[in-house]
1. Quick one: order 111, 63 by neighbouring beta-carbon count within 10 Å, fewest to most.
2. Could you work out how much longer the chain between residue 153 and residue 38 gets when fully extended? Use 0.36 nm per residue separation minus the Cα distance between them, nm to one decimal.
3. Take 24, 140, 52 and order them by how many other Cβ atoms sit within 10 Å, fewest up front.
4. Ranking 21, 121 by Cβ neighbours within 10 Å, fewest first, what do you get?
5. For region 81-157, what is the relative contact order in percent, using Cα pairs closer than 8 Å and at least 6 residues apart in sequence?
6. Given just the C-alpha atoms of region 81-157, how large is their convex hull per residue in cubic angstrom?
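Read-outs throughout are calculated quantities, based only on the coordinates presented, and are distinct from any laboratory measurement. Worth saying up front: this structure is predicted, and the values here are computed from it rather than measured. Reconstructed Cβ throughout: ideal geometry from the backbone, glycine too, with neighbour counts over all protein chains shown.
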């Protein structure tokens with residue numbers, strides 16, 4: 001949850017906050033108890049889509065963005081569903097990689113997974129080949145076509161024909 005508070009003009013220990021702007025920036029929509037807020041507000045004014053001003057019985061105000069949903073999805077104009085699709089695709093491929101790491105037949109059929117190995121429990125940076133697979137899966141959406149490296153090109157660049165094309169560093 002992300003909150004900003006605007007203080008009154010008084011100072012010292014009796015200083016109060018007149019206005020709070022709050023939003024949910026996590027991956028769960030349960031950080032803000034919107035039901036409680038609705039039940040305890042004296043009034044609610046919709047300022048514009050996805051921006052509501054709650055006046056509490058104390059006279060203080062809470063501006064809630066995206067009604068407790070992820071603010072980057074509810075309010076942003078530059079964080080498109082395409083970006084979310086790339087992110088979620090990467091998460092799914094990472095789960096497949098972890099689950100199928102020792103399956104040789106799967107690794108031969110899907111070369112990007114054949115280049116990964118079983119990992120101990122821990123936190124890792126994902127292999128670049130998975131990022132490249134995410135990009136490949138989304139090329140049609142941006143009307144892009146990708147050609148494969150020829151053996152000559154791959155040899156010249158010192159890269160495998162199937163990738164990864166960037167090091168994991």
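1. In increasing order of surrounding Cβ atoms, one gets 111, 63.
2. Going from the current span to full extension adds 35.2 nm.
3. Sorted ascending by nearby Cβ count, the order is 140, 52, 24.
4. Starting with the residue having the fewest Cβ neighbours, the order is 121, 21.
5. Relative contact order here is 26 percent.
6. Once divided by residue count, the hull of region 81-157 is 122 Å³.
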